[in-house]
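Structure record follows, encoded as structure tokens.
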Amino acid sequence: MVTKTLEKAFAEASKLSAKEQDELGAWLLSEFESERKWEEMFRHSPDALAKLGERGLAEKRAGYTEELDPEKL
């Protein structure tokens with residue numbers, strides 16, 4: 001079953017040229033593969049994300065980080 005949102009996205013994508021459709025398709029497939037790789041990495045190392053979070057907090061406490069200003073993005 002395809003959701004209305006995905007159906008709308010496919011309808012818009014079908015208006016693109018063949019080259020643009022191929023580029024979009026290749027990009028989507030690459031994103032799906034990348035997501036699968038991240039899921040697999042964390043599935044085999046469940047503590048990895050927690051360790052990364054702890055490291056980030058330690059760096060913040062040590063003063064190695066700075067506040068992000070969304071206006072400067």
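Bear in mind that the values in this text are calculations on the coordinates, not laboratory data. Quick caveat, the model's predicted, so the values are computed rather than measured. Positions of Cβ are backbone-derived with ideal geometry, glycine not excepted, and every protein chain shown enters the neighbour counts.
Condition first: assigned to a helix (DSSP H, G or I) and of a type in the set (D, E, K, R). Now tell me which residues in region 13-44 satisfy that.
In the first step, residues of region 13-44 are kept if they are assigned to a helix (DSSP H, G or I); the result is 13, 18-44.
Scanning region 13-44 gives Lys19, Glu20, Asp22, Glu23, Glu31, Glu33, Glu35, Arg36, Lys37, Glu39, Glu40, Arg43.
State whether the residues of region 57-69 include one that is in contact with a Leu (Cβ under 8 Å, 6 or more places away or on another chain) and without any contact (Cβ under 8 Å) to a residue 60 or more places away in the chain.
Taking region 57-69 first, the residues in contact with a Leu (Cβ under 8 Å, 6 or more places away or on another chain) are none.
Looking for residues that are in contact with a Leu (Cβ under 8 Å, 6 or more places away or on another chain) and without any contact (Cβ under 8 Å) to a residue 60 or more places away in the chain, one finds none in region 57-69, hence no.
Select from region 1-26 the residues that are exposed (fewer than 10 other Cβ atoms within 10 Å of the Cβ) and either hydrophobic (A, V, I, L, M, F, W, C) or on the phi > 0 side of the Ramachandran plot (or both) and list them in ascending order.
Correct list: Met1, Val2, Ala11, Ala18.
For Leu57, are the conditions met, namely being surrounded by 10 or more Cβ atoms within 10 Å (Cβ to Cβ), assigned to a loop (DSSP other than H, G, I, E, B) and either among the aliphatic types (A, V, I, L, M) or out of contact with any Pro (no Cβ under 8 Å at 6 or more places or on another chain) (or both)?
Working: surrounded by 10 or more Cβ atoms within 10 Å (Cβ to Cβ): yes; assigned to a loop (DSSP other than H, G, I, E, B): no; either among the aliphatic types (A, V, I, L, M) or out of contact with any Pro (no Cβ under 8 Å at 6 or more places or on another chain) (or both): yes.
Judged against the criteria, Leu57 is not a match.
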